[in-house]
Ligand code: 13P
C-alpha cells in the first residue's frame, strides 16, 4: 500500500475509554501497516498499560501516548503523572498543551514550556498543541496568538534542538474542536504556512520542513482527505472520530 511517509494520524481520546473499553477498541481495530505513515493514540493515563499490552499482543502498528506529563520528575504534586512513571511502563509519546488543558486546568504558555522542555530532556517525543479561540480569530489576532504560543519554545535551546526530531506541532483552532465546524482547507493551510514560517525564521528552513504540523478540530473521514491534500498539513489530531475502531480505520485508509 502506498502512503505518504510524512503523515501522522493521531487520536486523542481525551477522558474517554477506560481500560476495559480500551481493550475492546484495540481488539476490534484492524489496521494494516503502511510504509512510513504512523498511527498513534493518546489514551487516558489509567488505560495506558492496557493499551500497550493490547498493541503488543496484536502487533498493531499504533503508538500509544499519554495526554499529559508533569514537568517535575517526582514530588508533592497530588494527582499528577511524571515522566519517569510513564517511561517505566514503556510510554515514549506525550501530548502537551492541548487547549482543554489550557482552558480547564490553567495551563499557560509558561507551564507548557516547562513541560515541553522537561519531556524532551527525559527522551519523550512531544506533540505540542497550539490554536486560537474564536474571539481571537474574529478580532484578527490568530497569528499573534500562534506566535505567543510558540515564542517561548522557539527561544528555548532544549526545545529548539528537538524541533523536527522529537518535537512536532498540532494546530487546533479551539472553535473547531468538538463543534463539527472544521476549519476550511484554506484556513488550515494558511495557519500551517504561518506556523512553518515562524519555525523557519527561528530554526531555519530544514528544521521547519522536518517538523510535522498536524491539523486538529472536527476531523472526520468525510473531510480528512481534503485537508491532507493541502501542502503543509502533515496529518490529523482527532478527537471524536478516533473513538470508534471503524472510523479510526476509515481515517487511516485515507492516508
Ligand atoms: P474533535 O476531533 O473531537 O473535534 O477533537 C479535536 C481535538 O481536540 C483533538 O485533540
- Message: Suppose only helical runs count, i.e. DSSP H with n ≥ 4. What mean residue ellipticity at 222 nm does that imply for the chain under -39500 (n - 2.57) per run, divided by all residues and rounded to the nearest 500 deg cm²/dmol?
- Response: -12500 deg cm²/dmol
- GNM on the chain, Cα springs under 10 Å; top mean-square fluctuation among 173, 61, 32 goes to 32
- Highest average packing first - 98-106, 126-134, Cβ atoms within 10 Å: 126-134, 98-106
- How big is Rg to Rh over the stretch 170-255, alpha-carbon atoms, Rh as the Kirkwood inverse-mean-distance radius? 1.00
- Express in % the proportion of alpha carbon pairs of the chain at distances exceeding 33 Å. 13
- Most to least packed among 116-124, 66-74 [average Cβ atoms within 10 Å]: 116-124, 66-74
- Message: Let me understand the stretch 26-80 better: what is its radius of gyration from the alpha carbons, and its Dmax, in angstrom?
- Response: 14.1, 44
- Query: Over what distance in Å are the Cα centres of the stretch 197-211 and the stretch 1-78 separated?
  - Reply: 28
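No lab work stands behind these numbers, since they all come straight from the coordinates. None of these values were measured; they are calculated from a predicted model. Glycine gets a Cβ as well: all are built from the backbone with ideal geometry, and neighbour counts include every protein chain shown.
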